[in-house]
Amino acid sequence: MSDPSTARTDRARSGPDAHRRRLPLRPRRWAAVVAVARAVLIAVGLVTAYYLLPLDERGTAGASVLLVCGLVAVLLVFGWEVRAIARSSHPRLKAVEALAATLVLFLVLFAGAYYLLDRSAPGSFSEPMTRTDALYFTLTTFSTVGYGDITARSQTGRVVTMLQMVGGLLLVGVAARVLASAVQAGLRRQRQGPSAEPRSGTDAGAPDREAGP
């Protein structure tokens, strides 16, 4: 003979409430697919732009301007992404997009600077570099692998390489912590719900008329 309390518990677990608890799984999975797709598209778009932009016609001044403007763009994109993560309904997934955009933009920026420097000042590196060589040198420097087949010989090349090393350390250390803090802020905002939002208009400061005598 079955226990009535056990039967009620089983019905509660298999009832409409349990179905509603399972429903959000599909939107979350779809949001994860969209986030990964966006991250891949961002990476592919930036690398494609790196290969298609007319960088051959610029000199040393162009390389300096590209590097400075690119670093400013990296900071602006990163700051905008941090705000977007804190306000997003899926902060963890938004952080993946932010990391993809910031990291790929950072790598492509220095690859373009190396390529322009080699074109404007031949001999800056141990061998002439194509765009693929410049991107390869950027990745080996960022990952601290340092195969040694391509090295910076000129003072300018070594300064730019050191800037990338410092920027890479900041990106891995400081930026990762900032993104993690933004994710936590977004999660706290979700837990608090709309009740934590301040009321707008005159209702925020108006007394409750129904609470009177």
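Residue-wise test of (1) at pLDDT 85 or above; (2) of a type in the set (D, E, K, R); (3) in a helix (DSSP H, G or I).
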position	(1), (2), (3)
Ala86	no, no, yes
Arg92	no, yes, yes
Ala111	yes, no, yes
Val166	yes, no, yes
Ser181	no, no, yes
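Within region 108-134, track down each residue that is open to solvent by 20 Å² or more (accessible area, probe 1.4 Å) and within 23 Å of the chain's Cα centre (by Cα).
Residue satisfying the conditions is Val108 alone.
Which of the residues that make up region 135-155 are free of Cβ contacts under 8 Å to residues at least 40 places away in the same chain and either outside any loop (DSSP other than H, G, I, E, B) or at positive phi (or both)?
Hits for region 135-155 are Tyr136, Phe137, Thr138, Leu139, Thr140, Thr141, Phe142, Thr144, Gly146, Gly148, Ala152, Gln155.
Quick check on Thr140: is it farther than 23 Å from Gln184 by Cβ and either among the hydrophobic types (A, V, I, L, M, F, W, C) or open to solvent by 50 Å² or more (accessible area, probe 1.4 Å) (or both)?
no
Can you tell me which condition Leu55 does not meet? The list is (1) over 30 Å from Arg188 (Cα atoms); (2) part of a helix (DSSP H, G or I); (3) in contact (Cβ under 8 Å) with a residue 40 or more places away in the chain, and all the others hold.
Checking Leu55 against (1) over 30 Å from Arg188 (Cα atoms); (2) part of a helix (DSSP H, G or I); (3) in contact (Cβ under 8 Å) with a residue 40 or more places away in the chain, the one that fails is (2).
Tell me yes or no: at least one residue of region 40-48 is on the phi < 0 side of the Ramachandran plot, surrounded by fewer than 13 Cβ atoms within 10 Å (Cβ to Cβ) and modelled with pLDDT under 75.
Among the residues of region 40-48, not one is on the phi < 0 side of the Ramachandran plot, surrounded by fewer than 13 Cβ atoms within 10 Å (Cβ to Cβ) and modelled with pLDDT under 75, which makes the answer no.
The values are calculated or read from the model by the stated rules, or taken from the named source; none is laboratory data. As the structure is a computational prediction, the values presented were derived from the model and not from experiment. We place every Cβ from the backbone using ideal geometry, glycine too, and count neighbours over all the protein chains shown. Protein only, heavy atoms only, side chains kept; ligands, DNA and RNA dropped before computing areas. Shrake-Rupley method; radii C 1.70, N 1.55, O 1.52, S 1.80 Å.
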